[in-house]
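A short worksheet on the structure shown next.
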Amino acid sequence: MTGAGRAPQRLIAVVGMHRSGTSCLTGSLQRAGLVLGEVHEWNRYNLKGNRENQAIVDLNDAVLAASGGSWDAPPTRVHWRAAHKARAREILASLADAPVAGFKDPRTLLVIDGWLEVYPAMEFVGVFRHPAAVAASLANRSEMARDVAYGLWEAYNKRLLALRRGRGFPLVDFDIDAEGYRATVEQLAGELGLDATAVAEEPFFEEGLRKAHGSDRLPLSLRWLHGRLRRGARATIRP
């Protein structure tokens, strides 16, 4: 196949809320052999880069805007136009030579139906973080009010759980201790058919990547949702 009709043999999307460890997990899997194409490798709020392909971010933003929303104002309904789907196929064609390609953009959780229409066999890995830590990080980066950040955390992570119910993919808890995190990612890389040895020998994760922490007394709905995510993460790790 040629042109926009080509696509990678496998495609893995790292999904999760903004400021929840998606960049760290994606960078770790990149070292294990996940092909991301051209991505951002540094920015002010993420010294190792957010590992995002700007073409995918721009497309997701365009879909959200056409649906009357944005990353921080999720629309009730999302509409993919024919031009959006064509652009998605063009982007995937640029990764067609990769045996295992991937991408990461938190907005993907808001617009996932169109991506699945374009590439139905897409695989997923999910990651989450305590809502207070996410809120603290968003306050630092975007001066976002805590109640707004909590609302976004809930909106994104409800979508994460709903997607996981239908697709059955692994979840990673970004709040676990450094040793546990590295072991989890190493195991995950092996289960995905990537090079787990590369993750062990040159870990992407550094404790300094987790600058925000928090232990607020959470609203009941957030505590319930966070508990569901943690149970999913525990089920991901096998002895």
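The values are calculated or read from the model by the stated rules, or taken from the named source; none is laboratory data. None of these values were measured; they are calculated from a predicted model. Positions of Cβ are backbone-derived with ideal geometry, glycine not excepted, and every protein chain shown enters the neighbour counts. These area figures cover heavy atoms from the full protein model, side chains too; ligands, DNA and RNA do not enter into them. Shrake-Rupley method; radii C 1.70, N 1.55, O 1.52, S 1.80 Å.
Restricting the stretch 12-53 to residues that are small (Gly, Ala, Ser) and in contact with a strand residue (DSSP E or B) (Cβ under 8 Å, 6 or more places away or on another chain), the residue that is modelled with the lowest pLDDT is GLY49. The set of residues in the stretch 117-134 that are part of a helix (DSSP H, G or I) and over 15 Å from the mean Cα position of the chain (by Cα) comprises GLU117, VAL118, PRO131, ALA132, ALA133. Exactly one residue out of GLY126, GLY190 is free of Cβ contacts under 8 Å to residues at least 12 places away in the same chain and closer than 19 Å to ALA32 by Cβ, and it is GLY190.
Just one of the numbered conditions (1) among the small types (Gly, Ala, Ser); (2) closer than 20 Å to GLY232 by Cα; (3) part of a helix (DSSP H, G or I) is not true of ALA139; which one? Status for ALA139: all satisfied but (2). Comparison of ILE91, ILE56 shows that the only residue that is open to solvent by less than 40 Å² (accessible area, probe 1.4 Å), at pLDDT 95 or above, in contact with a strand residue (DSSP E or B) (Cβ under 8 Å, 6 or more places away or on another chain) and part of a helix (DSSP H, G or I) is ILE56.
Counting residues in the stretch 156-176 that are of a type in the set (D, E, K, R), part of a loop (DSSP other than H, G, I, E, B), touching a Phe, Trp or Tyr at 6+ places or on another chain (Cβ under 9 Å) and on the phi < 0 side of the Ramachandran plot gives one or more. Contact map, the stretch 71-85: first residue within 23 Å of ARG19 (Cα to Cα), second residue open to solvent by 60 Å² or more (accessible area, probe 1.4 Å) and of a type in the set (A, V, I, L, M), Cβ cut-off under 8 Å, separation 6 or more or different chains; pairs are ASP72/VAL148.
Per the listing GLY208, GLY232, GLY190, the residue uniquely part of a helix (DSSP H, G or I), open to solvent by 20 Å² or more (accessible area, probe 1.4 Å) and modelled with pLDDT of 90 or more is GLY190. Of the numbered criteria (1) open to solvent by less than 10 Å² (accessible area, probe 1.4 Å); (2) over 25 Å from LEU192 (Cα atoms); (3) free of Cβ contacts under 8 Å to residues at least 40 places away in the same chain, the one GLY68 fails is (1).
Of all residues in the stretch 94-113, those being within 16 Å of the chain's Cα centre (by Cα), crowded, with 16+ Cβ neighbours inside 10 Å and not basic (Lys, Arg) number 10.
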